[in-house]
Amino acid sequence: MDCLFCAIKDGQIPSQKVYEDEYVYAFRDINPQAPVHVLVIPKTHIPSADAVTEENAPLVAKVFCAIPKIAAAEGLTNGYRLISNVGKDGCQTVPHLHVHLLGGMKLTEKMN
Ligand code: AMP
Ligand code: ZN
């Protein structure tokens with residue numbers, strides 16, 4: 001399958017890794033929107049949050065288990081924001097489920 005983030009987690013395309021475990025890979029966004037901008041992905045290919053099911057939910061939960069560890073390692077003691085874009089209207093550009101972890105500054109109140 002031709003998937004950018006599958007290639008990244010397999011090491012076929014270089015990335016700045018910040019976290020990895022059996023189920024999860026996390027790396028710095030190439031076009032950061034905040035001082036800390038990390039993408040957290042399940043190693044299993046799931047196209048988007050719209051493809052979460054009872055079956056793959058445990059893998060998605062692993063992503064959320066990794067997030068507090070990454071946030072702590074990045075020093076985000078004042079908080080952070082999580083975003084997962086879905087589909088065209090959500091402006092999703094890479095069809096592999098990813099959570100943007102943004103922080104390191106006071107973020108705007110705007111959500112769109
Ligand atoms: P989204 O628009 O929500 O699908 O997010 C995709 C994100 O992937 C964007 O923020 C891009 O900057 C980021 N991105 C694209 N290619 C790479 C790459 N090779 N390494 C790291 N981040 C990337
Ligand atoms: Zn993939």
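The values are calculated or read from the model by the stated rules, or taken from the named source; none is laboratory data. Quick caveat: nothing in here was measured; it's all calculated off a predicted structure. With ideal geometry, Cβ positions are generated from the backbone for all residues, glycine too; neighbour counts draw on all protein chains shown.
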### Message
What's the number of the only condition in (1) within 14 Å of ligand 2 (Cβ to nearest atom); (2) surrounded by 17 or more Cβ atoms within 10 Å (Cβ to Cβ) that LEU102 fails to meet?
### Response
(1)
### Any hit, segment 29-51, residues being without any contact (Cβ under 8 Å) to a residue 24 or more places away in the chain and either small (Gly, Ala, Ser) or touching a Gly at 6+ places or on another chain (Cβ under 6 Å) (or both)
no
### Message
Taking the conditions exactly as written (modelled with pLDDT of 95 or more, within 13 Å of the chain's Cα centre (by Cα) and away from ligand 2 (no atom under 15 Å from the Cβ)), does VAL36 satisfy them or not?
### Response
yes
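When only residues in segment 1-46 that are among the aromatic types (Phe, Trp, Tyr) and either under 15 Å from ALA73 (Cα atoms) or touching an Asp or Glu at 6+ places or on another chain (Cβ under 9 Å) (or both) count, which is nearest to ligand 1 (Cβ to nearest atom)?
PHE27
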### Query
Within segment 11-28, how many residues are in a strand (DSSP E or B), more than 14 Å from ligand 2 (Cβ to nearest atom) and free of Cβ contacts under 8 Å to residues at least 24 places away in the same chain?
3
